[in-house]
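Note sheet for the following structure.
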Amino acid sequence: MKKETQCIQAGYEPKNGESRLMPIVQSTTFKYDSSEAMGRLFDLEAEGYFYTRLQNPTSDRVAAKIAALEGGTAAMLTASGQAATFYSIFNLASADDHVVASSAIYGGSFNLFNVTMRRMGIDFTFVDPDCTDEALAAAFKPNTKAVFGETIANPALIVFDIERFAKAAHAHGVPLIIDNTFATPINCRPFEWGADIVTHSTTKYMDGHDATVGGCIVDSGQFDWMAHQEKFPGLTTPDESYHGITYAEKFGRGGAFITKATAQLMRDLGATPSPMNAYMLNLGLESLAVRMGRHCANAQQVAAFLEQHDQIAWVNYPGLPGNRYYERARKYMPNGTCGVISFGVKGGRKTAEAFMKHLKIAMIATHVADARTCVLHPASSTHRQMTDEELIAGGVAPDLVRLSVGIEAVDDIIVDLDQALRAVV
């Protein structure tokens, strides 16, 4: 099936007389006829459900849909995108291990890696996504366990060179993990370019309606864990906390990573999505292909408008021919990138703040990547504690406005932006 069809059909196939719509299994607990039957579940010898903290039928069906969209072999939902990012790393790395990560990633992910996971004993080296091959190779250490990047960086909008980083990761015997939140599998499938694990904040475009927080991890099923046994003992040696199972032997390339993350991490840490949230996420997924086309078409027109506006100092959008990542975006995302644009307003910080007060359709919000157009001025909100000098050093210009273009009529969005810009002349 094509991706547009998978958005509707994948993950759940009703049998004769069953619900046409994916059902909500709103239950924490499942009944069995014997202890032996339940024991086979605990030994991972049989498929089924015994407690929703680990797995739930509704969540698993939605995860299967996302796996199909990404072209993966297995997937799991988490309670948030942040949980998906954490699990994807912690499933491979522990104290005294090391990870290479792009320096241009979502601020929450950077803080998770640079502060919280460092406190757990995991070291990180952050590399410029446009660094030389020599600098990239120098970032690896003998204890490196993974490489992490974002298809389109939030909010820098840097397009990650997936193929180059995948080759570097594989040359050092580790997987490449890609956060594909902004592009979604509609516009980019990182597995086709060598990535091994994909994560999502499903809170963004996949849900698309500001309704549910969630995350997802998808495994490509291509990385050979047993070929690198010494690097990944958690997958290639017996797990004594789970009856001595060796995940890579029992579940193979296609299932080892997700099974371990479910049976071990979700069991112990419990960042579990509710069945209702999974159900609502599925409703969003059904329209994902249609919405992404509209987001990208609208953003392309808005970016072109802003680029020509006399009140705009600069525009950053990978879909613009003059953008430094235009050709790379064409390679990885020929049908469009995302609906997020960053730009600067002439007059600097104060003018940017004033401009946003005059917007009528675009709403000021910390969220991004949903059906409604929204804006954020980091210098006066998420980064307001920083001076202009500190903002520039951190890669966030004082005049930067992040615009998430929604699916409203594009003419209305442009008129709204124009009248707000004219109001601050």
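The values are calculated or read from the model by the stated rules, or taken from the named source; none is laboratory data. Since we're looking at a predicted model, the values are computed, not measured. Positions of Cβ are backbone-derived with ideal geometry, glycine not excepted, and every protein chain shown enters the neighbour counts. Side chains included, ligands, DNA and RNA excluded: accessible areas come from the protein's heavy atoms. Shrake-Rupley method; radii C 1.70, N 1.55, O 1.52, S 1.80 Å.
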Placing +1 on the Cβ of each Lys and Arg and -1 on the Cβ of each Asp and Glu in region 289-423, which of 356, 313, 293 has its Cα farthest towards the positive end of the resulting dipole?
293
Stretchable slack from residue 276 to residue 46, in nm (0.36 nm times residue separation minus alpha-carbon distance)
80.2 nm
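Between residue 268 and residue 37, how high is the FRET efficiency from 1/(1 + (r/R0)^6) when r is the Cβ-Cβ distance and R₀ = 30 Å? Nearest 0.05.
On the way: r = 24 Å, r/R0 = 0.80.
E(calc), rounded to 0.05, equals 0.80.
Roughly speaking, what is the stretch gain from residue 143 to residue 26, that is 0.36 nm per residue apart minus the C-alpha to C-alpha distance, in nm to one decimal? List each step's numbers first, then the result.
Values: separation 117, 0.36 × 117 = 42.12 nm, distance 4.24 nm.
Full-extension gain reported as 37.9 nm.
For n ≥ 4 DSSP H runs only, could you compute -39500 (n - 2.57) per run for the chain, divide by its residues and tell me the 222 nm figure to the nearest 500?
Numbers: 16 runs with 152 residues, N = 425.
Estimated from H runs of four or more residues: -10500 deg cm²/dmol.
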In degrees rounded to 10, the 0-90 angle between helix 410-422 Cα long axis and the longest Cα principal axis of the chain is 50
Globularity ratio of region 266-337, using Cα Rg and 2.2 N^0.38 Å
1.62
Normalised convex hull volume, region 1-112, alpha-carbon set, Å³ per residue
179
Can you tell me the convex hull volume per residue for the chain, based on C-alpha atoms, in Å³ to the nearest whole number?
142
Check: C-alpha center region 147-162 vs C-alpha center region 224-295, spacing in Å is 22
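Tell me, what is a quarter of the convex hull surface for the C-alpha atoms of region 57-148, in nm² with one decimal? Walk me through the numbers before you get to the answer.
Working: hull surface 28.0 nm².
Spelled out: convex hull of the Cα atoms, projected over all directions, averaged, 7.0 nm².
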How large is the accessible surface per residue of the chain, computed with a 1.4 Å probe and reported in Å² as a whole number?
42
With region 283-425 reduced to its Cα atoms and the Debye formula applied, log10 I(q)/I(0) at q = 0.10, 0.15, 0.20 1/Å amounts to -0.33, -0.74, -1.25
For residue 340, which sequence-distant residues (separation of 5 or more, or a different chain) have an amide H within less than 5 Å of its own amide H, given hydrogens modelled in the peptide plane?
405
GluC sites (Glu not before Pro), restricted to region 196-259: which are DSSP loop and have at most 11 other Cβ atoms within 10 Å?
230
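Starting from the Cα gyration tensor of region 144-289, take the square roots of the eigenvalues, sort them a ≥ b ≥ c, and report rounded, prolate or oblate (rounded when a/c is under 1.5, otherwise prolate if a/b is larger than b/c, else oblate). Mind dumping the intermediate values first?
Numbers: a/c = 2.41, a/b = 1.25, b/c = 1.92.
Judged from the Cα gyration tensor, region 144-289 comes out oblate (a/c at least 1.5, b/c at or above a/b).
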Whenever you get a sec, line up 122, 8 from highest to lowest accessible area (probe 1.4 Å, protein heavy atoms).
8, 122
Using the Kirkwood formula over every pair of different C-alpha atoms, what hydrodynamic radius in Å results for region 258-306?
13.9
Gain in span if fully extended, residue 210 to residue 53, counting 0.36 nm per residue against the direct Cα distance
54.1 nm
Counting only residues 5 or more apart in sequence or on a different chain, those whose built amide H sits under 5 Å from that of residue 183 are 152
First compute the accessible area of region 289-423 with a 1.4 Å probe, then give the percent of it belonging to carbon and sulfur atoms.
52
Carbon/sulfur accessible area of region 3-276, % of total, 1.4 Å probe, equals 51
